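Notes for the one structure printed next.
The values are calculated or read from the model by the stated rules, or taken from the named source; none is laboratory data. What you see is a predicted model; the values in this text were computed from it and never measured. Methodologically, a virtual Cβ is constructed for each residue, glycine included, from the backbone with ideal geometry; neighbour enumeration extends over all protein chains shown.
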Number of protein chains: 2
Amino acid sequence: MPTISDVARLAGLSRATVSRVINNHPYVSDAKKELVLKAMRDLGYIPNSAAQNLRKQKTNIIAVLVPKLTNPFFAYLVESIEEKAAENGLQILICNTKYDKKRELEFLRYLKTKQVDGVIMTSIENGWEVIEAVIWSGPIVLCNEYSAKANVPSVRLNQLQGGYMGTSYLLNQGYTKIGYCWGGILSGLAHDRFFGFEQAMTESGLSVNNNWLFESAFSIEDGRRIMNEIAKMADKPNALFTGSDEVAAGIISEAKKLGLRVPEDIAVVGFDDQPISEVIEPALTTIRQPIKEIGAKTMEVMINLLSNEEKTTAKIYELPLELIARESS
Amino acid sequence: MPTISDVARLAGLSRATVSRVINNHPYVSDAKKELVLKAMRDLGYIPNSAAQNLRKQKTNIIAVLVPKLTNPFFAYLVESIEEKAAENGLQILICNTKYDKKRELEFLRYLKTKQVDGVIMTSIENGWEVIEAVIWSGPIVLCNEYSAKANVPSVRLNQLQGGYMGTSYLLNQGYTKIGYCWGGILSGLAHDRFFGFEQAMTESGLSVNNNWLFESAFSIEDGRRIMNEIAKMADKPNALFTGSDEVAAGIISEAKKLGLRVPEDIAVVGFDDQPISEVIEPALTTIRQPIKEIGAKTMEVMINLLSNEEKTTAKIYELPLELIARESS
DNA sequence: CTGAAAGCGCTAACAG
DNA sequence: CTGTTAGCGCTTTCAG
């Protein structure tokens with residue numbers, strides 16, 4: 001493995017000059033530059049990034065924390081973030097927290113070990129106090145997530161609007177016995193969405209039925225479970241706002257198994273507009289999140305933070321959602 | 001940001017001793033160790049990984065190249081690889097090549113820049129000659145992929161068996177007009193699978209109909225497109241081996257739109273046993289790949305390579321596939 | 001425009 | 001068991 005010294009020796013120049021060529025500095029004569037380039041080629045030289053990172057005190061890597069990589073929403077989000085990162089000469093390090101506090105903390109440590117220059121969090125598992133302890137080591141940007149206490153920028157979707165939109169749609173279709181599925185923790189985002197649901201209900205003079213609030217709803221399997229719970233109820237909801245296409249898919253699939261018709265017996269609204277929502281039958285009414293836009297915006301904010309053009313504040317960037325009406329409600 | 005020197009100073013010891021504590025070396029008296037630990041705590045010290053990487057000439061990071069992160073198969077595969085990596089104190093760097101030669105090459109460079117200690121490739125875009133040029137910088141392991149020319153270990157599934165199994169199943173169900181969908185490039189893996197298809201056909205005294213070979217089949221959309229092509233044919237296949245659950249889902253969904261019955265009018269076999277296959281209607285007959293096992297095995301081989309217990313050879317580890325019979329055929 | 005020199009923060013002989 | 005010393009490979013003043 002040739003080093004910069006080998007290149008310098010072969011080119012008959014100093015390491016400083018070679019370094020200048022590597023980093024595209026001005027003030028290197030074309031002649032010497034050619035010499036260096038040739039030597040680099042001849043030796044198959046590639047700069048060692050650990051050395052560069054150490055010396056420059058930066059890595060050009062941004063950690064992107066996601067709670068579940070196998071959730072298409074996050075897979076697409078990561079893709080959009082990566083795209084914007086690449087455009088700006090940055091690399092991303094995908095960190096799959098699996099909704100686990102400890103794992104999240106380990107990844108946040110990367111900021112302190114200088115393995116990454118910044119962190120984008122697409123979910124928050126730990127309390128903000130814990131996260132705050134890390135932040136002075138580098139910028140953090142929240143994406144599709146927020147915490148009331150967080151004093152960092154966050155780029156997110158208008159979840160309140162999402163909850164309101166989905167619920168209103170059901171109400172307009174004439175459903176009044178509406179159930180609600182959610183993950184289980186009323187973190188900022190989930191809270192807003194629920195608030196939107198509540199608001200739409202209230203405005204229609206309806207109240208929320210606590211028996212129809214289903215938690216721990218994440219996966220297709222959870223959807224099936226919830227549908228079975230509903231089937232056993234004496235007083236059943238006739239519509240569900242699920243907060244996730246996967247959960248919605250599970251509900252629809254199980255409902256059909258149970259001999260129920262969707263949307264006649266039970267209407268369903270998903271969230272995300274994932275590929276599955278077009279393929280399932282009946283096709284899913286869902287709420288599309290502008291994934292590309294949110295990813296790009298998040299990276300943009302991060303880049304500004306890194307270049308100190310912007311300083312860390314709790315600024316919120318909010319993007320709109322869109323309801324995609326299909327057949328399930 | 002405190003450094004090792006700050007810790008040493010505060011503890012009244014040398015940097016060497018602090019380093020020993022950091023790295024859990026034996027031969028540090030408990031008393032001094034306590035002193036160091038306390039100093040580290042008091043300062044909030046965390047070792048700088050760029051410095052460690054430079055000094056140790058290794059990063060404990062393995063790059064995992066995947067062609068498409070939004071494909072659930074790869075998302076799950078990455079998860080299983082990560083799990084095994086974490087168990088062994090390794091970190092993975094997920095690299096999304098997007099089926100792009102140039103991106104693949106950029107990621108392979110990480111091996112030369114010493115950003116990673118090894119590379120796991122779950123697809124190959126470039127010719128092997130190109131890849132070979134990189135390999136002396138560190139170990140490469142192929143996962144669910146192989147190249148005839150590759151002189152590195154590969155952990156893969158028996159695709160020939162997969163192609164054979166899916167086709168035989170269709171034949172046993174009485175279908176004889178069987179079409180075949182594939183990505184478009186007959187790389188090792190795809191070739192084996194096709195060969196299995198051919199073999200099953202031949203054994204049944206059937207020949208492959210070239211009109212029913214559909215290429216560029218990757219996504220749900222592609223499935224829809226193919227189904228529409230079929231609808232226009234005078235002589236139509238009555239069964240399809242798709243090589244992908246996504247494509248199969250697209251085909252089924254579109255077939256129903258066209259008023260066709262699945263499997264009566266057209267039977268479909270998928271590949272991967274992705275979540276979608278259970279939710280779509282009719283549920284998809286598909287071929288399950290042991291993702292957990294293949295990921296774990298791949299990492300195991302990588303770890304042996306890194307520890308020099310094993311040297312790089314073209315050894316092949318092959319895992320079996322399993323047919324999951326459902327309703328689509 | 002170019003080179004010499006001084007580290008970035010850490011680890012690993014080696015000597016004691 | 002502990003400290004001294006010599007770098008890992010690169011970049012960046014500072015002179016010239």
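Observations on the model:
- Residues that are among the aliphatic types (A, V, I, L, M) and within 11 Å of DNA strand D (Cβ to nearest atom), drawn from region A:9-20: A:Ala16, A:Val18
- Evaluating B:Lys311 against the criteria (1) of a type outside the set (S, T, N, Q); (2) farther than 30 Å from B:Phe214 by Cα; (3) within 14 Å of chain A (Cβ to nearest Cβ) leaves one unmet condition, (3).
- Selection from region A:293-326 of residues that are out of contact with any strand residue (DSSP E or B) (no Cβ under 7 Å at 6 or more places or on another chain) and under 30 Å from A:Tyr175 (Cα atoms): A:Pro320
- Residues of region B:5-18 that are surrounded by 18 or more Cβ atoms within 10 Å (Cβ to Cβ) and within 25 Å of A:Lys58 (Cα to Cα): B:Val7, B:Ala8, B:Val18.
- Filtering region B:241-272 to residues that are in a helix (DSSP H, G or I) and farther than 25 Å from B:Thr70 by Cα leaves B:Lys256, B:Lys257.
- Residue check for B:Asn23: at pLDDT 95 or above, within 13 Å of DNA strand D (Cβ to nearest atom) and on the phi < 0 side of the Ramachandran plot: no
- Odd one out for B:Thr70, checked against (1) within 8 Å of chain A (Cβ to nearest Cβ); (2) within 16 Å of DNA strand C (Cβ to nearest atom): (2)
- Residues satisfying the stated conditions in region A:250-275, i.e. within 12 Å of chain B (Cβ to nearest Cβ) and farther than 23 Å from A:Ser168 by Cα: A:Ser253, A:Glu254, A:Lys256, A:Lys257, A:Pro275
- Members of region A:73-98 that are polar (S, T, N, Q) and facing chain B (nearest Cβ under 8 Å): A:Asn96
Residue by residue, here is whether (1) on the phi > 0 side of the Ramachandran plot; (2) in contact with a Ser or Thr (Cβ under 7 Å, 6 or more places away or on another chain); (3) more than 16 Å from DNA strand D (Cβ to nearest atom) holds:
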site: A:Pro2; (1), (2), (3): no, no, no
site: A:Val7; (1), (2), (3): no, no, no
site: A:Val36; (1), (2), (3): no, yes, no
site: A:Thr59; (1), (2), (3): no, no, no
site: A:Pro72; (1), (2), (3): no, yes, yes
site: A:Ser80; (1), (2), (3): no, no, yes
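- Region A:31-46, residues that are of a type in the set (Lys, Arg) and within 8 Å of DNA strand C (Cβ to nearest atom): A:Lys32, A:Lys33
- Scanning region B:4-11 turns up no residue that is away from chain A (no Cβ under 11 Å), under 26 Å from A:Val134 (Cβ atoms) and touching a Gly at 6+ places or on another chain (Cβ under 7 Å).
- Search result, residues across region A:225-240 that are part of a helix (DSSP H, G or I) and either crowded, with 21+ Cβ neighbours inside 10 Å or not aliphatic (A, V, I, L, M) (or both): A:Arg225, A:Ile226, A:Met227, A:Asn228, A:Glu229, A:Ile230
- Any helices (runs of 4 or more DSSP H) falling wholly within region A:99-212 and containing at least 1 residues that are at pLDDT 90 or above, within 14 Å of another protein chain (Cβ to nearest Cβ) and surrounded by 15 or more Cβ atoms within 10 Å (Cβ to Cβ): A:101-112
- Residue check for A:Ala8: of a type in the set (A, V, I, L, M, F, W, C), at pLDDT below 95 and within 30 Å of B:Ile276 (Cβ to Cβ): no
- Evaluated against (1) under 17 Å from A:Phe73 (Cβ atoms); (2) touching a strand residue (DSSP E or B) at 6+ places or on another chain (Cβ under 9 Å), A:Pro275 falls short on exactly one condition, (2).
- Region B:3-30: number of residues that are part of a loop (DSSP other than H, G, I, E, B) and more than 7 Å from DNA strand C (Cβ to nearest atom): 9
- Qualifying positions in region A:29-63 - over 25 Å from B:Ala133 (Cβ atoms), surrounded by 19 or more Cβ atoms within 10 Å (Cβ to Cβ) and more than 10 Å from chain B (Cβ to nearest Cβ): A:Ile62, A:Ala63
- Qualifying residue in region A:47-67 (condition: within 26 Å of B:Ser137 (Cα to Cα), part of a helix (DSSP H, G or I) and more than 13 Å from DNA strand C (Cβ to nearest atom)): no
- Residue pairs meeting the criteria (Cβ under 7 Å; at least 6 apart or on separate chains; first free of Cβ contacts under 8 Å to residues at least 60 places away in the same chain and closer than 11 Å to A:Met40 by Cα, in region A:1-14; second within 11 Å of DNA strand C (Cβ to nearest atom) and of a type in the set (S, T, N, Q)): A:Ile4/A:Ser19; A:Ala8/A:Ser14
- Verdict on B:Ser219 being among the hydroxyl-bearing types (Ser, Thr, Tyr), within 14 Å of B:Ile280 (Cβ to Cβ) and within 14 Å of chain A (Cβ to nearest Cβ): no
- Test: A:Val268 is within 27 Å of B:Pro72 (Cβ to Cβ) and either more than 18 Å from the chain's Cα centre (by Cα) or among the β-branched types (Val, Ile, Thr) (or both): yes
- In this entry, B:Leu258 passes the filter for residues that are touching a helix residue (DSSP H, G or I) at 6+ places or on another chain (Cβ under 6 Å) and either at pLDDT below 95 or not small (Gly, Ala, Ser) (or both).
- Residues that are aromatic (Phe, Trp, Tyr) and under 23 Å from B:Lys149 (Cα atoms) within region B:270-319 comprise just one, B:Tyr317.
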